[in-house]
Amino acid sequence: MPTPLELANQLRDKFPELLSEPAAFRGEVTLVVADAERITDVCRWAKSELGFDLLLDLSSVDNYGDDPRWTVVYELYGLAHRSHLRLKTNVTEEKSELPTVSTVWRTADWHEREAYDMMGIRFSGHPDLRRILMWDGYPYFPLRKDFPLAGKPTELPEVAFTRTAPLEGGPFITPASTEGSIQREPRSRTLE
């Protein structure tokens with residue numbers, strides 16, 4: 001059976017101008033897709049030719065303060081060869097959109113809806129891109145780093161909290177920052 005690194009190299013051979021060198025760490029292999037607009041092509045080939053028949057997860061990382069703002073992470077798995085592969089691609093705040101992979105794996109439908117609902121990343125071509133956790137019409141994206149931990153007030157009584165929610169300031173606050181992990185560590189702080 002091929003190793004995850006061998007499979008990653010086969011994928012990179014197919015898209016040499018598009019994919020980074022495979023990065024291996026503790027048995028996990030990651031490829032970065034340089035052009036987010038081509039993520040569906042890469043995923044389709046990984047599924048049809050390399051046997052990555054499962055999309056285990058799709059998640060997003062908010063790189064608040066940096067450009068590009070978001071990293072979207074695809075966790076792939078092949079049942080036949082029992083290999084994992086991670087694909088990453090970056091999305092800028094100005095565009096905040098990339099093509100859906102729900103045409104490759106149906107399970108992407110819910111994952112992409114969650115990424116849209118929590119981060120505001122849109123997926124063009126998605127069959128039903130609407131909120132999955134927050135209510136329709138909710139104007140914010142609560143997992144963005146610039147969303148206040150104290151929450152935001154709402155004007156919708158009896159639909160959601162009528163006061164600021166959910167944490168009301170603490171006791172632990174993690175400041176949004178590009179500084180090191182010690183400065184970002186959650187600590188008891190007073191709100192300004």
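When Trp105, Trp135, Trp45 are sorted by how many other C-beta atoms sit within 10 angstrom of their C-beta, beginning with the fewest, the order is Trp135, Trp45, Trp105.
Of the beta bridges in segment 4-147, as assigned by DSSP with both residues counted there, near 75 percent are antiparallel.
With a cut-off of 14 Å between beta carbons, the residues surrounding Arg131 carry a summed charge of -3, where Lys and Arg count +1 and Asp and Glu -1. Stretched out straight at 0.36 nm per residue, the stretch from Glu94 to Ser124 would grow longer than its current Cα-Cα span by 9.3 nm. Ordering Pro142, Asn63, Tyr77 by the projection of their Cα atoms onto the charge dipole of segment 4-147, which places +1 on the Cβ of Lys and Arg and -1 on the Cβ of Asp and Glu, puts Tyr77 at the extreme positive end.
FYI, it's all coordinate maths here, none of it is from the lab. Since this is a predicted model, take the numbers as computed values, not measurements. Note: ideal-geometry Cβ built from the backbone for every residue, glycine included; neighbour counts use all protein chains shown.
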